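Here is the structure we will look at, set down as structure tokens.
The values are calculated or read from the model by the stated rules, or taken from the named source; none is laboratory data. Just so it is clear, the structure is predicted and the values come from calculations on it, not from any experiment. Methodologically, a virtual Cβ is constructed for each residue, glycine included, from the backbone with ideal geometry; neighbour enumeration extends over all protein chains shown.
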Amino acid sequence: MALNLDFSFYNWDLISNFVLKGLYFSLMLTVVATFGGVLLGTLLALMRLSGKPWLAGPAVVYVNGMRSIPLVMVILWFFLLMPALIGRPIGAEVSAYITFVAFEAAYFSEIMRAGIQSVSRGQVLAGQAMGMTYGQNMQFVILPQAFRNMLPVLLTQTIILFQDTSLVYAIGAYDMLKGFEVAGKNFGRPIEAYLAAAVVYFVMCYALSWSVKRLHQKIAIIR
């Protein structure tokens with residue numbers, strides 16, 4: 001039996017009414033989760049490298065715990081259990097923002113920890129010789145170099161994060177995949193809708209991956 005595909009129903013009105021709303025949320029979720037995850041992840045990395053068990057211990061438990069659980073399970077747990085704990089419902093979008101920041105922080109933490117450890121010991125000693133405190137050394141010497149060293153890896157993780165935003169479909173959030181699904185249902189073309197979504201995800205992620213590769217080459221030349 002032949003599979004008859006028809007993409008003629010796709011037009012700008014359909015895209016603007018169904019898909020763009022979801023794309024906007026997917027991009028916003030990616031941006032918020034990236035910045036929030038990097039900030040929280042950097043804090044976790046500093047806790048793990050502090051040498052103080054009362055700081056390093058909780059950070060290790062948090063990072064290893066988050067990295068051992070599938071993201072979709074974290075999304076579902078938070079969305080279903082948090083309303084029972086706080087006594088009121090929370091929206092799917094708010095739940096997605098919080099969950100993604102908390103989850104991605106564990107992965108960004110490991111990236112930043114590797115970045116901090118990649119800075120040569122001589123740089124640290126030079127900062128100390130200039131009379132810098134530990135905090136000043138981290139702020140002005142170590143972290144800027146760590147971010148530069150790990151920038152391609154951070155951006156690659158951000159691309160993976162963007163792909164993972166489709167998992168909020170599980171709690172009914174209106175992301176880009178949901179937009180394509182709604183469009184497909186309205187026009188009776190669900191197969192074409194999912195194929196179109198796959199193509200859009202591929203094109204966006206491939207273009208971003210190519211850009212990251214070029215950036216990595218430029219950083220390597222500068223070094």
Checking Arg88 against (1) in a loop (DSSP other than H, G, I, E, B); (2) surrounded by 18 or more Cβ atoms within 10 Å (Cβ to Cβ); (3) not small (Gly, Ala, Ser): exactly one of these is not met. Which one? (2)
Selected residue [on the phi > 0 side of the Ramachandran plot and without any contact (Cβ under 8 Å) to a residue 24 or more places away in the chain] from Gly135, Gly131: Gly131
Can you name the number of the only condition in (1) at pLDDT below 90; (2) within 30 Å of Leu27 (Cβ to Cβ); (3) of a type outside the set (Asp, Glu) that Val168 fails? (1)
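Residues checked against (1) of a type outside the set (Asp, Glu); (2) over 15 Å from Leu14 (Cβ atoms):
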residue	(1), (2)
Ala173	yes, yes
Glu181	no, no
Asn186	yes, no
Ile191	yes, yes
Leu208	yes, yes
Leu215	yes, yes
Lys218	yes, yes
